[in-house]
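Written out below as structure tokens is the structure these notes cover.
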Amino acid sequence: MATHQISLTVNGSPEIVLVPSNMTLLQLLRDRLALTGTKNGCAAGECGACTVILNGEAVNSCMVLAVECDGGQVVTIEGLAHDNILDPVQAAIIEQAGVQCGFCTPGVLISSRALLDRQPHPTEDEIKEALLGNLCRCTGYTRLVEAVKDAAHRQAQTII
């Protein structure tokens, strides 16, 4: 199997790694970089548990080859909080009781962050569309949508 040296930035830290051609970004994050917050749910791009932000876009890391990330910027769930301060989406999902079993939570948070990065004042329909790829069997989605609305409000107050 051919291997490739790639360089990428993960949660603000530069990384240089040797990866086989068939290694996914999910495998790189979990197995090589020990960032296990990104979950392996279905390994088929259907559940959203492995969602990360790659070059500003939410992607299913199980569907992206690590070699495709050479030169890229990746943000995982571990990269949301800064200086022990939760990201507004993290704080909001806690306060809105949007977490039950927690398996989908990293992907939901990352999808929400990607939405708020590109659309700071999303409509409810935009929120629902952004979360469409994240399957959750516990919360019923209502609290997740409310949490993203709350996070948008918190974020707007922080900017002012």
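The values are calculated or read from the model by the stated rules, or taken from the named source; none is laboratory data. From a predicted model like this one, the values you see are computed outputs, not experimental measurements. We place every Cβ from the backbone using ideal geometry, glycine too, and count neighbours over all the protein chains shown.
State yes or no: is residue 72 more than 13 Å from the chain's Cα centre (by Cα) and at pLDDT below 95? So residue 72 does not fit the description; no.
Among the residues of the stretch 27-36, those identified as out of contact with any Lys or Arg (no Cβ under 9 Å at 6 or more places or on another chain) and not acidic (Asp, Glu) are 27, 28, 29, 32, 33, 34, 35. So is residue 111 touching a helix residue (DSSP H, G or I) at 6+ places or on another chain (Cβ under 6 Å) and free of Cβ contacts under 8 Å to residues at least 40 places away in the same chain or not? Judged against the criteria, residue 111 is not a match. Among the residues making up the stretch 3-44, none is within 15 Å of residue 113 (Cβ to Cβ) and charged (D, E, K, R).
Scoring residue 47 on the criteria (1) in contact (Cβ under 8 Å) with a residue 24 or more places away in the chain; (2) surrounded by fewer than 14 Cβ atoms within 10 Å (Cβ to Cβ); (3) within 25 Å of residue 116 (Cβ to Cβ) leaves a single failure, condition (2). For the stretch 116-131, state whether one or more residues are in contact with a strand residue (DSSP E or B) (Cβ under 8 Å, 6 or more places away or on another chain) and either at positive phi or at pLDDT 95 or above (or both). Yes; the residues of the stretch 116-131 include at least one that is in contact with a strand residue (DSSP E or B) (Cβ under 8 Å, 6 or more places away or on another chain) and either at positive phi or at pLDDT 95 or above (or both). Restricting attention to the stretch 1-43, the residues that are assigned to a loop (DSSP other than H, G, I, E, B), out of contact with any strand residue (DSSP E or B) (no Cβ under 7 Å at 6 or more places or on another chain) and of a type in the set (Ser, Thr, Tyr) add up to 1.
Looking at the stretch 44-160, the helices (runs of 4 or more DSSP H) lying wholly inside it that each contain 3 or more residues that are over 28 Å from residue 28 (Cβ atoms) sit at 88-95, 124-131, 142-159.
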